[in-house]
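A.B. asks: Once you've had a glance at the structure underneath, I'll fire off some questions.
The values are calculated or read from the model by the stated rules, or taken from the named source; none is laboratory data. Source: prediction; values computed, not measured. FYI the Cβ positions are ideal-geometry reconstructions off the backbone, even for glycines, and counts take in every protein chain you see.
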Amino acid sequence: MTTIDQIITHARARFEHAAARKLTQEKYQARMLFAAQGGMWRAGPELQTMLLTCPGTQAVILDLYDTPVQVDTRELLSQSQQRWQEQMNAWLVEYEQLNQNR
């Protein structure tokens with residue numbers, strides 16, 4: 001194999017790895033979405049922080065579609081944390097497999 005072929009092979013492998021990482025990220029970002037209490041939510045630090053800062057157990061917050069929804073903050077926080085942790089664990093496993101295959 002010539003040097004040019006090696007460079008092309010290496011570049012192709014790097015591009016495929018980067019594309020696979022991006023695809024994995026998009027897949028797990030989509031899995032963070034969930035419907036609960038009459039709204040559509042994205043599990044993550046932003047939602048969890050907002051729920052933790054709300055006084056009391058009931059609050060009106062905007063969902064992903066900017067619709068005001070009255071929610072039980074403790075229940076929604078619990079659902080968001082569970083979804084977030086499940087998906088992040090799965091994402092980490094897949095990410096590590098991608099890096100091993102590289």
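A.B. asks: Can Gln100 be described as part of a helix (DSSP H, G or I) and in contact (Cβ under 8 Å) with a residue 24 or more places away in the chain?
C.D. replies: Taking the combined requirement at face value, the residue does not satisfy it.
A.B. asks: Would you say Trp84 is at pLDDT 95 or above, of a type in the set (Phe, Trp, Tyr) and out of contact with any Leu (no Cβ under 8 Å at 6 or more places or on another chain)?
C.D. replies: Criteria met by Trp84.
A.B. asks: Can you tell me how many residues within region 87-98 are loosely packed, with under 11 Cβ neighbours inside 10 Å, at pLDDT below 95 and not hydrophobic (A, V, I, L, M, F, W, C)?
C.D. replies: Counting residues in region 87-98 that are loosely packed, with under 11 Cβ neighbours inside 10 Å, at pLDDT below 95 and not hydrophobic (A, V, I, L, M, F, W, C) gives 1.
A.B. asks: Could you list, in sequence order, the residues of region 18-30 that are surrounded by 14 or more Cβ atoms within 10 Å (Cβ to Cβ) and modelled with pLDDT under 85?
C.D. replies: Across region 18-30, the qualifying residue is only Ala20.
A.B. asks: Condition first: under 14 Å from Gly38 (Cα atoms), surrounded by fewer than 16 Cβ atoms within 10 Å (Cβ to Cβ) and of a type in the set (Gly, Ala, Ser). Now tell me which residues in region 58-83 satisfy that.
C.D. replies: Result: no residue meets the conditions.
A.B. asks: Which condition breaks for Thr57 when tested against (1) in contact with a Lys or Arg (Cβ under 6 Å, 6 or more places away or on another chain); (2) at positive phi?
C.D. replies: Checking Thr57 against (1) in contact with a Lys or Arg (Cβ under 6 Å, 6 or more places away or on another chain); (2) at positive phi, the one that fails is (2).
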